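Below: the structure, in structure tokens.
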Amino acid sequence: MTVAGQKAKPSVWSRPAYRLLLGSEAVTLSGSAVSAVALPALAVLELRASTGEVTVLAFLGSLPNAVALWAGALSDRHPKKPQLIASDLAAAGALATVPAAALAGVLTITQLCAVAMVLGAAKVVHDATSISLLPAIVEPDQLQDANARLGAASSVADSAGTNLGAALVGAVGPARSVLADAVSFLLSAVLLWRMHVPETATCRDVSRQGLLRDIADGVRYVARQPTIRTVIAALATLSFGLAIMNTYWAYFLLDRLGTSPAAFGVIMGVGGTGGVAGALLAPRISARIGIGPAIIIGFAVSPLTQVPLLIAGPGLRWQITLTAALAVQLFWATVSGTSQRSLRQGVCDPAFQGRMQSASTTLTAGARPLAAATAGALVLALDVRATLAVGALLQVVPVALLLSSPIRTLRAIPPRVPVPHAREGTPP
């Protein structure tokens, strides 16, 4: 209800740039969800990848995250729209080589590793740019709603893409199914090309200082911002545990539990509906219990929902159980993810948005190659199920970290507080 004579504030949906960004994110996630089913099926079932080859594939796919700091610095220096379009075109080109090589009968694990590296690099650039662009196209008090809508659309797209991937793998095979992902990146590039963003509001003038100095300034800024620093540390430890599990998650279901590609796709697709519900309810949950508790609950639920996987066996009953556990995990992961992303964006200085996000990517996703290598060493010393258990136990650590921080008492996004000696051009 508004006061007489006073216009209602436009919703985030009324902003064309936001709608195009949301469409771009949804279409690429939908396509990538197809590949999330097709590529593991292609590697494990058709190319007969060993556990060592699965480890190398996961390691190389995560390796580009180690240079995310450069992507963040470039994002803060230069217009973001061209960077987004270039990353989409690079991903589309790499994916198109998979069905082409399969058709020629020359597809190998080595090529899949190269494609995974290109996709990883494109994602690093895309994430640093798109997440840091959002605060420039919506108002500060719209961040939670904007992130929630993005999360809901992404979850729907991910779920639809996973089910489409399962259908495509069954109908045309995993190699041809990858074409759907390539097309999604091309469509995303078209949507981004149509987006009009005042780039003066999203990038600063390139200063005389070098890129390494920009990176150092960004790292110091994050280190001196307690809220951002704590959330990123929690994300990094959670990510490491999840990455150990994800190295063999698909392999465990497809090979050890005998899950078919179609059933694997259904587990991921139906489980993904939890993410849709979480995104839709995230603002309401955060408003009711506070943004801090919403973040912490999401972190706490993750290790608990891994328990069914650790004791699962073959058969429909366990497939239903794993689907339900995944749905609960993704519900709270999305609530927590939407809340912590809005919190970081809300308290971060606009000039450091790209570098803040790239610092998060470096510590969370950048640790995944090490996690994949750790998983490979663990599986040699133990077995696949025990390796999954180690990954689940590590997810308890970030919960303790958050509970011991002031984040547990946060009820709303606090006002942005300038951090001394972290401004552009200011000597440390």
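The values are calculated or read from the model by the stated rules, or taken from the named source; none is laboratory data. In this text the structure is predicted, and so the values were computed from the model without any measurement. Every residue, glycine as well, gets a Cβ built from its backbone with ideal geometry; the counts of neighbours run over all protein chains shown.
Numbers at a glance
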item: The one condition in (1) surrounded by 21 or more Cβ atoms within 10 Å (Cβ to Cβ); (2) aliphatic (A, V, I, L, M); (3) under 23 Å from S188 (Cβ atoms) that L57 fails to fulfil; result: (3)
item: Test: residue in the stretch 411-422 that is part of a helix (DSSP H, G or I) and touching a helix residue (DSSP H, G or I) at 6+ places or on another chain (Cβ under 9 Å); result: no
item: Residues satisfying the stated conditions in the stretch 258-304, i.e. under 19 Å from the mean Cα position of the chain (by Cα) and not in a helix (DSSP H, G or I); result: G272
item: Matching entry among R15, R77, R19 (being farther than 24 Å from A148 by Cα and surrounded by fewer than 20 Cβ atoms within 10 Å (Cβ to Cβ)); result: R77
item: Hits in the stretch 305-318 - residues which are part of a helix (DSSP H, G or I) and buried (at least 20 other Cβ atoms within 10 Å of the Cβ); result: L309
item: Meets criteria (closer than 22 Å to G120 by Cβ, at pLDDT 85 or above and under 23 Å from the mean Cα position of the chain (by Cα)) for A392; result: no
item: Residue match in the stretch 80-100 (condition: of a type in the set (K, R) and more than 16 Å from the chain's Cα centre (by Cα)); result: yes
item: Unique residue being within 17 Å of P64 (Cβ to Cβ), among the hydrophobic types (A, V, I, L, M, F, W, C) and either part of a helix (DSSP H, G or I) or touching a helix residue (DSSP H, G or I) at 6+ places or on another chain (Cβ under 9 Å) (or both) when the list is V118, V183; result: V118
item: Odd one out for A263 among (1) surrounded by fewer than 19 Cβ atoms within 10 Å (Cβ to Cβ); (2) under 15 Å from V328 (Cα atoms); result: (2)
item: Extreme residue, farthest from T51 (Cα to Cα), among residues of the stretch 365-381 that are surrounded by 20 or more Cβ atoms within 10 Å (Cβ to Cβ) and at pLDDT 85 or above; result: A371
item: Count of residues meeting criterion [hydrophobic (A, V, I, L, M, F, W, C), over 16 Å from G271 (Cα atoms) and at pLDDT below 85] in the stretch 155-179; result: 6
item: Qualifying residues in the stretch 94-111 (those that are free of Cβ contacts under 8 Å to residues at least 40 places away in the same chain and surrounded by fewer than 16 Cβ atoms within 10 Å (Cβ to Cβ)) - the one nearest to L192 (Cα to Cα); result: A100
item: Options G93, G120, G72; residue that is farther than 27 Å from V222 by Cα and not hydrophobic (A, V, I, L, M, F, W, C); result: G93
item: Count of the stretch 188-214 residues which are surrounded by fewer than 18 Cβ atoms within 10 Å (Cβ to Cβ) and either modelled with pLDDT of 90 or more or in a helix (DSSP H, G or I) (or both); result: 9
item: Close pairs (8 angstrom Cβ cut-off, 6 or more residues apart or separate chains): crowded, with 23+ Cβ neighbours inside 10 Å in the stretch 144-156, aliphatic (A, V, I, L, M) and not in a helix (DSSP H, G or I) anywhere; result: Q144/I413; A146/V138
item: A86 being surrounded by fewer than 18 Cβ atoms within 10 Å (Cβ to Cβ), at pLDDT 80 or above and in a helix (DSSP H, G or I); result: yes
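Residues checked against (1) more than 29 Å from R149 (Cβ to Cβ); (2) in contact (Cβ under 8 Å) with a residue 12 or more places away in the chain; (3) among the basic types (K, R):
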{"position": "I215", "(1), (2), (3)": "yes, yes, no"}
{"position": "L253", "(1), (2), (3)": "yes, yes, no"}
{"position": "G258", "(1), (2), (3)": "yes, yes, no"}
{"position": "G275", "(1), (2), (3)": "no, yes, no"}
{"position": "I289", "(1), (2), (3)": "no, no, no"}
{"position": "V307", "(1), (2), (3)": "yes, yes, no"}
